[in-house]
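> Shown below is the structure under consideration.
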Amino acid sequence: MGCDLLAEGLVSWPKGLHLILLFSIINHMKAKHRKTLELIFSRPTSAGVKWSDALALFTELGAEITEREGSRVAVFLFEQVKVMHCPHPSPDMDKGAVASIRRWLEENGVKP
């Protein structure tokens, strides 16, 4: 089974396998991605998370990312599509966006 079939929704990972794969990815990810994940989960919520770092983290977790209209980006991950707004002109995400990403990651078993 390739990622193409997963992306098209033709097949899906069993929930337990999904969590095992995530655990393996998180334990072996590069220090930069781990630092981004820790920053997203830090309290109080950080306003210093770079958009490019968040996208790189999503890619490391297995996401497919596509551009949408305007400043929007679709992230296909966890068999879900999350549409996010690309911050501009600053490269930093606001606290609300960081908190939203943290909740999404938590709901799908991703924690630092």
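> Using just the Cα positions, wrap the stretch 68-112 in a convex hull and report its mean projected area in square nanometres, one decimal place.
That works out to 3.6 nm².
> Can you give me the % of accessible surface on the stretch 27-112 that is carbon or sulfur? Probe 1.4 Å, all protein chains present, nothing else counted.
About 50 percent, which is the carbon plus sulfur part of the accessible surface.
The values are calculated or read from the model by the stated rules, or taken from the named source; none is laboratory data. Just so it is clear, the model here is predicted, and its values are computed rather than measured. The protein model used for the area step is the full one, side chains on, heavy atoms only, and it has no ligands, DNA or RNA in it. Shrake-Rupley method; radii C 1.70, N 1.55, O 1.52, S 1.80 Å.
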